[in-house]
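Worksheet for the structure shown next.
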Amino acid sequence: MGLSSSGRFSPLLRWIGITLVVLLSLQLLSVLSLWDWGNEAFRQLVVERLIQQAPMALVGLLLMYLSSRLDDNSDERSPVLWAVCLLSGLLAVLLTASLPIAFGGDKMLQDQADQQLAAKRGQLEMARQQSKEPAVLEQLIKQAEASGQVPASATPAQKTQAARAFVDRQLQQMEGQFKQAEQSSKVALNQRRLAGSGGAVALIVAFTLLCLGSVL
């Protein structure tokens, strides 16, 4: 009964595995058909697609490996095992070659985030400096008087206090936006490094082990 069940499941596992590997090929071909290797954005897109879809191929190759082991327990290597060895080795090589591009993308994203945060920080510092100028407070008081936001009976000190409170609220809002942008930037960078470059390294190890396990 055990051998019969294995014989029924083995072809199913094999074809599911082949399907997953073919899906990876189609995903890559859909991007490679737009070939523009001289464009950094295109290279990053290819590497990103490869890293994202490689786990699917890893599962497919594992299913193919298991199906071959269920079919034949002899020491001879079946064509399916050789196919698993070659494909997993090829993917390990491709992922290894993609690491410099992935690391370059990490650095590029870091530089862009630093520039954006530097610009926001500069705007915040400029706003702080301007808030200390008496002319800015006087302008705010005039605008508040013209719009009726300040009672006509208010004293100059009360008007100045209201203008100062308004400026402080604006500064607090800008500081909150800057901190939120800084936090979002850190999350995006960490996610790319761990799920992207870090994931590629883990996949290289997994494909290499699968390649060796298919023939040893």
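The values are calculated or read from the model by the stated rules, or taken from the named source; none is laboratory data. These figures come from a predicted structure and were not determined experimentally. Note that each Cβ is placed from the backbone with ideal geometry, even for glycine, and that neighbours are counted across all protein chains shown. Heads up: the accessible areas ignore ligands, DNA and RNA and are worked out on the full protein's heavy atoms, side chains in. Shrake-Rupley method; radii C 1.70, N 1.55, O 1.52, S 1.80 Å.
Data for the structure
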read-out	value
Per residue, in Å², the accessible surface of the range 114-212 once ligands and nucleic acids are set aside, probe 1.4 Å	68 Å²
The chain, accessible surface, carbon-and-sulfur percent (1.4 angstrom probe)	63 percent
More than 20 Å apart - percent of Cα-Cα pairs taken over the range 67-180	69 percent
Student exercise, the chain dipole from Lys, Arg, Asp, Glu Cβ charges, in Debye to nearest 20	460 debye
Listed residues Gln161, Gly199, Ala146: farthest to the positive end of the dipole of the range 126-216 (Cβ charges)	Gly199
The range 16-91, accessible area per residue, ligands and nucleic acids excluded (1.4 Å, Å²)	55 Å²
Trp82 paired with Gln173, simple spin-label distance in nm, labels 7 Å along Cα-to-beta-carbon	7.1 nm
Cα→Cβ-extended label distance, 7 Å offset, between Leu117 and Ser30, nm	3.4 nm
Full-extension gain in nm, Ala181 to Lys132, via 0.36 nm per residue minus C-alpha separation	15.1 nm
